[in-house]
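J.: Let me give you the structure first, and then I'll get to my questions.
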Amino acid sequence: MTTDLLAEIREDFLALEQKDRLLLLLEFANELPKLPQKFQDHPDLLERVVECQSPVFIFVEVDADGLFHLHATAPRESPTTRGFASILAQGLDGLSVERVLAVPDDYPQSIGLNEAVSPLRLRGMSAMLGRAKRQVRERVEA
Amino acid sequence: MSAPFDTTEKFSAYAHPSKLVSTQWLAQHRGDAGLVVVESDEDVLLYEVGHIRGSVKIDWHTDLNDKVNRDYIDGAAFAALLSSKGIARESTVVIYGDKSNWWAAYALWVFTLFGHDDVRLLDGGREKWLAEEREMTTDASSVTRTDYPVVERDDAPIRAFKDDVLGHFGQPLIDVRSPEEYSGARTTMPAYPEEGALRGGHIPSAASVPWARAADTDSTFRSRSELDAIYRDEAGLTDGDNVIAYCRIGERSSHTWFVLTYLLGFENVRNYDGSWTEWGNAVAVPIAVGTEPGDAPAPAPRR
């Protein structure tokens, strides 16, 4: 099951021509929120996604109400990676842990970016999703 | 009509100074008739974030690779691509990009497969242009379509296939990957996606010279004397050598191919673009593990 917002994001991408899909990804890149202060002060809390071509760090938070938040940071000169992180941060924000874990692992391959971005580059997004899910499991078990 | 050459003193020590331009030269000449500036990056969106005014984008994955076969595009597709970018057969093309021109060098190598005569790199690439706070824009470049001729790709002079490598043993091979990939401790470079090579290690007898050693901290190419020290003194290359360079998919080794061919003047250098993702998966080819090059097997007879 894909969450409502992730499904909407997918439909937005699929409705566009290949060239415009890239520009939508750029919009996401520009919208990646800044890291909350507590993570800026504690970079050690962040996990590096080594599968990505650019240095990107993520941190999963499960708040007091049991809701999911993803924080991520990547350099300005890595807009593709920032775009991937932003799609996941926005698409998964505020969901229950169960719904995050139910997101299909092949979501990145389903949003119509294979041609515009290339399958190889999309692996970085799959790795980000995989690591976010693993972090969620760890938070819940802890 | 070709643009004037850059007479920067550093370049004059290289074997083919005409293959490089400085950021200063480009700032002065980027509006010249007959000159097209191309940005080629690892990150497919970087051009959209900001590019040199008037430049066009060529992406290695989505433009230069065939969509179905593991191969480069053919002459018709290359002609269509370059026509759409406003590049004529006589155009001077200056390519720049991120990561010390790693992907720009790859694009230049593909242009060379099609025999495009005047194609140059911007020394220092995107990083140097940005570091000098030169103008970048997000404005779309206006392109006047050209009619680039269909030229058949000529692979033989600068591209090696697996059988070429098997027949090459006894002559120099340069492995430009990271030390961890060379030794076999890992099959992909640190912090990069796993591209699915089954075995770790290197092609027996290959010398290890990671590609980025040819780049200085500001992303420009190292000086002639520094490059001679690395490739001649250390890796043991001598004039007249027939050299094959490889990496993982042939992109990093394009950078080394550029250095050996145009900066140091070796005339027989080929890039094995099948590289480790082919060799590390191929059946019954020899592999060496560890930090030593290992002995060259007997060269295989030509099939």
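The values are calculated or read from the model by the stated rules, or taken from the named source; none is laboratory data. All values reported here derive from a predicted model rather than from experimental measurement. Note that we place each Cβ from the backbone using ideal geometry, even for glycine, and neighbour counts take in every protein chain shown. Quick note on the areas: whole protein, heavy atoms, side chains included, nothing else; ligands and nucleic acids left out. Shrake-Rupley method; radii C 1.70, N 1.55, O 1.52, S 1.80 Å.
J.: Towards the positive end of the charge dipole of the stretch B:226-299, with charges on Cβ (+1 Lys, Arg; -1 Asp, Glu), say which of B:A235, B:T261, B:A284 has the farthest Cα.
T.: Looking along the dipole axis, the top candidate is B:A284.
J.: Next question. In chain A, what percent of the accessible surface is made up of carbon and sulfur (1.4 Å probe, ligands and nucleic acids excluded)?
T.: 53 percent
J.: Right, another one. When N counts the residues of the stretch B:16-76, how does its alpha-carbon radius of gyration compare numerically with 2.2 N^0.38 Å, as a ratio?
T.: In units of the 2.2 N^0.38 Å rule of thumb, it is 1.36.
J.: While we're on this one: Along the charge dipole of chain B, pointing to its positive end and built from +1/-1 on Cβ of Lys, Arg, Asp and Glu, which listed residue (B:Y148, B:T8, B:S91) has its Cα farthest out?
T.: So the residue furthest toward the plus end is B:Y148.
J.: Could you give each residue of the stretch B:244-255 its phi-based ³J(HN,Hα) in whole Hz, using Karplus coefficients 6.51, -1.76, 1.60 with θ = phi - 60°, and x for Gly or Pro?
T.: With coefficients 6.51, -1.76 and 1.60, one gets 10, 10, 8, 9, 10, 9, x, 8, 5, 6, 5, 4 Hz.
J.: Cα axis of helix A:4-14 to longest principal axis of chain A: angle in degrees, 0 to 90, nearest 10?
T.: 20 degrees
J.: Let me know the Rg and Dmax you get for the stretch B:195-303 when you use only its Cα atoms, in Å.
T.: Rg and Dmax of the stretch B:195-303, Cα atoms, are 14.5, 45 Å.
J.: Among the listed pairs B:K19/B:K85; B:K67/B:K99; B:K128/B:K162; B:K10/B:K99, which have their C-alpha atoms separated by more than 32 angstrom in this model? Could the numbers behind the result be given before it?
T.: Working: B:K19/B:K85 21 Å; B:K67/B:K99 25 Å; B:K128/B:K162 36 Å; B:K10/B:K99 21 Å.
Exceeds cut-off: B:K128/B:K162.
J.: Need one number: buried accessible surface between chains B and A, 1.4 Å probe, both sides summed, DNA, RNA and ligands left out, in Å² to 100.
T.: 1800 Å²
J.: Return the average number of partner chain Cβ atoms within 10 angstrom of each residue Cβ along peptide A:75-82. Display every interim value, and only then the final one.
T.: On the way: counts 1, 3, 11, 6, 9, 8, 2, 3.
Mean shielding count: 5.
J.: Okay, next question. Run down the lysines and flag those whose C-alpha is under 26 Å from the C-alpha of A:K38, throwing out any fewer than 8 positions away in its chain.
T.: Result set, ordered by chain and number: A:K133.
J.: Averaged per residue, what accessible surface does chain B expose to a 1.4 Å probe, in Å²?
T.: 40 Å²
J.: Considering only protein heavy atoms and a probe of 1.4 Å, how much of the accessible area of the stretch B:1-106 is carbon and sulfur, as a whole percent?
T.: Answer for the stretch B:1-106 is 52 percent, counting heavy atoms of protein chains only.
J.: About its Cα centre, what dipole magnitude does the protein assembly as shown give when the only charges are +1 on Lys and Arg Cβ and -1 on Asp and Glu Cβ, stated in debye to the nearest 20?
T.: 420 debye
J.: Provide the per-residue ³J(HN,Hα) series for the stretch B:25-36, in order, calculated from phi with Karplus coefficients 6.51, -1.76, 1.60 and θ = phi - 60°, each as a whole number of Hz, with x at glycine and proline positions.
T.: Rounded to whole hertz, the list is 4, 5, 4, 7, 9, 5, x, 4, 5, x, 10, 10.
J.: Still on this structure, please answer the following. Measuring from centroid to centroid over Cα atoms, what is the spacing of the stretch B:40-116 and the stretch A:73-140 in Å?
T.: Cα centroid to Cα centroid, the span is 28 Å.
J.: Report which residues of the stretch B:29-54 become buried by 30 Å² or more of accessible surface when going from the isolated chain to the complete set of protein chains (1.4 Å probe; DNA, RNA and ligands ignored).
T.: Buried-area filter returns B:E42, B:D43, B:V44, B:L45, B:L46, B:E48, B:V49.
J.: How many percent of Cα pairs in chain B exceed 26 Å? Show your work: numbers first, answer last.
T.: Values: 19974 of 45753 pairs.
Percentage above 26 Å: 44.
J.: Here's another thing I want to ask about it. Where Lys and Arg each count +1 and Asp and Glu each count -1, what net charge lies around A:L67 among other residues with Cβ under 12 Å from its Cβ?
T.: That works out to -3.
J.: Further question on the same structure: Once the principal axes of the Cα atoms of chain A are found, what is the range along each, listed largest first in whole angstroms?
T.: Over chain A, Cα extents along the principal axes are 43, 33, 22 Å.
J.: Then there is this: Any idea what angle helix B:98-113 forms with the longest principal axis of chain B, computed on alpha-carbon atoms, 0 to 90 degrees, nearest 10?
T.: 90 degrees
J.: Tally Lys and Arg at +1 and Asp and Glu at -1 over the other residues with C-beta under 11 Å from the C-beta of B:A235: what net charge comes out?
T.: That sum, taken over residues with Cβ under 11 Å, equals -3.
J.: Let me ask something else. At 1.4 Å probe size, what's the solvent-accessible area of B:E90? Round to the nearest 10 Å².
T.: The accessible area of B:E90 comes to roughly 120 Å².
J.: Under the rule of at least 5 residues apart or a separate chain, name every residue whose amide H is placed under 5 Å from the amide H of B:L121.
T.: Under 5 Å from the amide H of B:L121 lie the amide H atoms of B:L20, B:V21, B:I95, each far enough along the sequence or on another chain.
J.: Now for a different question. If you line up the Cα atoms of the stretch B:1-122 on their principal axes, what length do they span on each, largest first, in Å?
T.: Projected onto the principal axes, the Cα atoms of the stretch B:1-122 cover 45, 30, 26 Å.
J.: Oh, and also: Run a plain Debye calculation on the stretch B:73-181 (Cα atoms as equal point scatterers, no solvent) and give log10 I(q)/I(0) at q = 0.13, 0.20 Å⁻¹, rounded to two decimals, same order as the q list.
T.: Per q value, in the given order, log10 I(q)/I(0) is -0.67, -1.18.
J.: Quick one: which residues, 5+ away or cross-chain, put their amide H under 5 Å from the amide H of B:A160? H built at 1.01 Å from N.
T.: Correct list: B:N271, B:Y272, B:D273.
J.: Could you state the accessible area per residue of the stretch A:32-97 in Å², with a 1.4 Å probe and every protein chain left in place?
T.: 42 Å²
J.: Per residue, how much space in cubic angstrom lies within the convex hull of the C-alpha atoms of the protein assembly as shown?
T.: Residue-normalised Cα hull volume stands at 160 Å³.
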